[in-house]
Amino acid sequence: MSFFTDPSALVLIIGAIAIVAFLVHGLWFSGKPENRRLNKADRHDDEIRNSSNIGKVRIVSTDAPLKSEAAPSGEPALAPEPEENLKSPVIEEISKEEAAQFEKEQEQKKLPQNIEINLVAEPGRPYRGEDIEALCTQYGILRGDLDIYYVYENPQARENEVFRMCSLKSPFSFPQDMSGFTTPAIALYMNLPERGRACSYFKAMLTAVDIFVQQLGGTMQDNYHNLYTPEQLQDLENKLQEYDARA
């Protein structure tokens with residue numbers, strides 16, 4: 001039997017031919033410079049990357065509302081400014097003491113803490129010490145600390161001070177010996193008392209002012225040397241009445 005008639009030899013020859021054909025096919029395609037299909041896709045991607053109609057990517061928070069705004073060609077669109085968060089008002093419960101303190105502070109903005117009326121003598125006719133002392137003795141106005149005069153609700157115990165009176169000549173006190181003493185003006189003043197007493201204290205001070213003006217003369221002025229008008233005094237009395245009404 002020859003080699004070409006042997007069946008096993010024929011199988012080997014056919015297998016060798018198939019292997020050679022496979023290798024030749026692989027070498028043919030691997031030698032190509034590029035794949036046409038992939039090359040087409042690459043050129044399309046380059047066109048997209050180089051296109052002038054594509055803007056930059058922007059990131060906008062989803063928490064803020066978006067507004068439609070037209071941007072010039074070739075320029076990136078700007079994201080809208082985020083809106084400020086609106087906070088709900090916080091309502092806090094305060095104690096009675098805090099509420100009273102708040103109300104007092106508000107009331108103090110309307111009323112002065114010190115109410116003063118200055119009695120100014122007529123030019124060339126200053127108040128004489130003996131006249132002042134006589135009126136104080138007659139109406140229960142007591143000399144006290146700092147050598148000034150005081151009026152109390154309870155004069156015997158010197159309790160519940162109503163108002164004070166001092167000289168407006170330095171050192172603003174009255175000498176122990178009033179003979180020969182003169183002053184161009186005296187001041188009657190009261191500190192704003194607790195509610196319920198302010199208006200009555202003010203009326204008591206006005207009564208004393210009227211007595212001194214009637215007996216010694218002079219005018220009623222404020223700390224800026226302005227004359228007090230009846231309307232101003234009435235307005236102050238009305239405010240003190242409102243202050244007392246909230247007792």
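Rule-based calculations on the coordinates, nothing more; no lab input. Everything quoted here is computed from the prediction, not taken from an experiment. Please note: Cβ atoms are built from the backbone with ideal geometry, for glycine as well, and neighbour counts cover all protein chains shown.
Taking 0.36 nm per residue of separation and subtracting the current Cα-Cα distance, fully stretching the chain between residue 246 and residue 158 would add 29.0 nm. If a paramagnetic tag sat 7 Å from the Cα of residue 125 along the Cα-Cβ line, which residues of segment 202-228 would have the backbone N under 15 Å from that point? What the label zone holds, given the 15 Å backbone N cut-off, is 212-220.
Normalising the Debye intensity of segment 159-224 to I(0), with uniform scatterers on Cα atoms only, and taking log10 at q = 0.14, 0.20, 0.28 Å⁻¹ returns -0.50, -0.94, -1.32. A simple spin-label model places pseudo-atoms 7 Å from Cα toward Cβ; at residue 173 and residue 195 they are separated by 3.8 nm.
Remark on segment 190-247: hydrodynamic radius 12.4 angstrom, per the Kirkwood mean of 1/r across alpha carbon pairs. Here segment 112-245 is treated as a sphere whose radius is the Kirkwood value from Cα pairs; by Stokes-Einstein at 20 °C and 1.002 mPa s it diffuses with a coefficient of 140 µm²/s.
Put in order of Cβ neighbour count within 10 Å, fewest first, the listed residues 96, 203 become 96, 203.
Of the chymotrypsin sites (Phe, Trp or Tyr not before Pro) found in segment 166-232, those that fall in a DSSP loop while having at most 14 other beta-carbon atoms within 10 Å are 172, 224.
Counting every other Cβ atom within 10 Å of each residue's Cβ, 120, 151 order from fewest to most as 120, 151.
If Lys and Arg each add +1 and Asp and Glu each add -1, what is the summed charge of the other residues whose beta carbon sits under 10 Å from the beta carbon of residue 200?
Surrounding charge for residue 200 is 0.
Would you tally the net charge around residue 117, using a Cβ to Cβ cut-off of less than 11 Å, leaving residue 117 out, and scoring K and R as +1, D and E as -1?
With Lys, Arg at +1 and Asp, Glu at -1, the net is -3.
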